[in-house]
1. Given a Förster distance of 45 angstrom, what is the FRET efficiency for Ala148 paired with Gln90, based on the Cβ-Cβ distance and rounded to 0.05?
2. Leu3's amide H: which non-local residues (gap 5+, or another chain) put their own amide H closer than 5 Å, with H modeled 1.01 Å from N in plane and none for Pro or chain starts?
3. I need the phi-derived Karplus couplings for the stretch 207-215: 6.51 cos²θ - 1.76 cosθ + 1.60, θ = phi - 60°, integer Hz, Gly and Pro marked x.
4. Take the Cα pairs of the stretch 1-54, get the Kirkwood Rh, then feed it into Stokes-Einstein at 4 °C and 1.567 mPa s and tell me D in µm²/s.
5. Let me know the shape class of the stretch 34-108, please: from the alpha-carbon gyration tensor, a ≥ b ≥ c as square roots of the eigenvalues, rounded when a/c is under 1.5, otherwise prolate if a/b is greater than b/c, or oblate.
6. Efficiency by 1/(1 + (r/R0)^6): what FRET value for Arg214 and Glu274, r their Cβ-Cβ distance, R0 = 22 Å, to the nearest 0.05?
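Here, each number is a calculation from the coordinates, and none is a lab measurement. Predicted model only: the values in this text are computed from it and were never measured. Glycine gets a Cβ as well: all are built from the backbone with ideal geometry, and neighbour counts include every protein chain shown.
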Amino acid sequence: MALELHVWGPGFSLPSIDPHCLAAIAYLQRAVPEGEWKLVASSNPTLSPTNELPALRNGDVWIGGFRNIFHYIAQISSGEWVLDAGLAEQEGADCIAFSSFVESHGQPLLDLSLYVSSENFTTITRPLYNTIQPFPMPYLTPNSIRAAAKLRTDHLGLSGLDIDIDGTRTQHSIIPESLRTSRTTVSSLLAASPEAHAQIRLDALARNFLEPLRDLLGEKKYFVSDKQFSSLDCLVLGYLSLMLVPDLPQRWLSKIMRANFSGLCAWTEELRIEVFGPAVTVEDALLKSPGASASAAEQQIGKNFSLPWAAPQDRGVIGVGQTYLATLANSIPVLGEYRRNIREEQLSQKTEEEPSSTLQAATIAGGIFASAALLVGYMFQQGIIPLGGEEPERQRGSGLDAFGEAGAALSIYANQMDAEVQRQRILEVESHGPPHSQPAVEVEIGSNGTVVKETTG
């Protein structure tokens, strides 16, 4: 059975919108022989034991995370499918050190460019999720990823890129409102002269990341070796591709690259075509054409793609609902932490034998019960469900409306599920016939509690 690499779907003409997914694609494309692996744009992190993509599937085994994936590939291939094999000692040390550097310094730049910047996020990034995820997931996923990006970049002091934040904060301040200076927004930030304070900070962040990479590459073909493509090249290719290629309304990052780091730009353009092939569309990844019939979609499988795309499994209404609820639960503070702890415990408990079906059922039932209990507790705490004698606060909303867009999507999805259940019942009746009629009983009770009349149908 071929390995399956599950990734976030394509965007910006790249095979994925995530740098680690691009790195994993590059690694398998260069390390694993053709025919031994497939690429699946599932865009479903709940498949992974670590609740992240990329995730590698080998039969019943799931491996989550870029580094875990290439270590696992080395293990199952007995060291044959390893890009870093044969590197000199110093080259291997550079590979490890700069891989950590790329992740720690490159991720904040992508966070600011694709997610924190309100204009880039609302016009480009968020709509991409509508094309790679089924309804109602796009109501929840991009906002959750953006919230995490804001947390990762909060220490940089560039929240002015997010113009969704009110320019004058509502919390109490010793400075009178009339004396406060307005906060920098993305419009004033990027439309101003290059000497503007925030623009200088963005430029400095980009240079702190790009200059060491330029110096390391030098005149070599690859970053740590002139002859050998390494795991570091995979990682750098993933990050630089998402910095250079996307056509965004606010292109401050790609402008800095093109104006000052032409060597890195040329390296990225050349390698992304060599490794990823021509521009990728959502239809390429899902192996279907817009409005095409099922037979036409099947014929698409034989198309000569540079990447070994395989169509993701159709999860149906129930499967999508389970994924949505799991993602929603992970975003709730207490419940999300509980679920993460459960996943970590399950990963740490490695046994040689598979648990029995009874034990699995008990574990699942216990998890569902505990999750439901914590969810109800959270709703009580937030005032969504009022305690006895209390009136719910109007500001919080009621029911699923209190979850905002996510709750509205969940409400719509629930209606869709009801319709699906009704359709299934109609199909069952048509195939098995109507249920046997039961006699109808009518009873009338008099004012003194005695039976006045009793009839049967």
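1. Numbers: r = 35 Å, r/R0 = 0.79.
Computed FRET efficiency for Ala148 and Gln90 comes out at 0.80.
2. Those qualifying (amide H under 5 Å, at least 5 residues apart or on another chain) are Trp37, Lys38.
3. For the stretch 207-215, the Karplus-derived couplings read 5, 4, 8, 7, 4, x, 5, 4, 5 Hz, x marking Gly and Pro.
4. Answer, rounded: 115 µm²/s.
5. Judged from the Cα gyration tensor, the stretch 34-108 comes out oblate (a/c at least 1.5, b/c at or above a/b).
6. Working: r = 20 Å, r/R0 = 0.91.
With R0 = 22 Å, the Cβ-Cβ based efficiency is 0.65.
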